[in-house]
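Asks: Next up is a structure, given as structure tokens.
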Amino acid sequence: MEWTQDGRTHRYEDPGPGTGPLSRLPVGSELKVRVSLGPVSFYALTRLWSADRIRVSWHDDSYAYRKAWIPARWVRTVTDEEYRAEEARRFAAVETRTRNGRAPGGARTRS
């Protein structure tokens, strides 16, 4: 999987759900989380997990919906306030890059 965040392209090989039964929360009751994948971290939502992996979903800089299974040790829950603040910061930065001649993902929009 490849996605763009904060103007940079990132890659991740989704390992799948792992072992054991899956647990889930009802639709509309997703947990807000922060995912750390080495040099990149991002905020996401989750409502599905296995014994050792968590299925997260998020929007990248182009507002594309992304989802992946992430090892549980790389995920932590966050407060609603922390999640909202980070989402506002990220998408304000995307809008600024777009207005300054860069489309999401860093492509130039003006000559």
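Asks: What do you reckon, is residue 94 at pLDDT 85 or above, on the phi < 0 side of the Ramachandran plot and among the hydrophobic types (A, V, I, L, M, F, W, C)?
Replies: no
Asks: Moving on to the next point. Residues being assigned to a loop (DSSP other than H, G, I, E, B), in contact with a strand residue (DSSP E or B) (Cβ under 7 Å, 6 or more places away or on another chain) and either of a type outside the set (Phe, Trp, Tyr) or under 24 Å from residue 82 (Cα atoms) (or both): count how many of those fall in segment 8-25.
Replies: 7
Asks: When you scan segment 26-46, do you find a residue that is among the charged types (D, E, K, R), in a loop (DSSP other than H, G, I, E, B) and at pLDDT below 90, even just one? Spell out how you get there, then give the answer.
Replies: Taking segment 26-46 and keeping what is among the charged types (D, E, K, R), we get 30, 32, 34.
Within this subset, residues satisfying the condition of being in a loop (DSSP other than H, G, I, E, B) are 30.
Filter once more, keeping what is at pLDDT below 90: none.
Taking every residue of segment 26-46 in turn, none turns out to be among the charged types (D, E, K, R), in a loop (DSSP other than H, G, I, E, B) and at pLDDT below 90.
Asks: Another question, then. Can you name the residue in segment 46-82 that is among the basic types (Lys, Arg) and in contact with a Leu (Cβ under 6 Å, 6 or more places away or on another chain) and is also farthest from residue 8 (Cα to Cα) among such residues?
Replies: 47
Asks: Now, a different point. Would you call residue 2 under 24 Å from residue 85 (Cα atoms), touching a Lys or Arg at 6+ places or on another chain (Cβ under 7 Å) and of a type in the set (Asp, Glu)?
Replies: For residue 2, the condition - under 24 Å from residue 85 (Cα atoms), touching a Lys or Arg at 6+ places or on another chain (Cβ under 7 Å) and of a type in the set (Asp, Glu) - is not met.
Asks: If you go through segment 48-64, how many residues are over 18 Å from residue 84 (Cβ atoms) and not acidic (Asp, Glu)?
Replies: 9
The values are calculated or read from the model by the stated rules, or taken from the named source; none is laboratory data. Predicted, not measured: the structure shown is a model, and the values here were computed from it. Cβ: placed from backbone, ideal geometry, glycine included. Neighbour counts: every protein chain shown.
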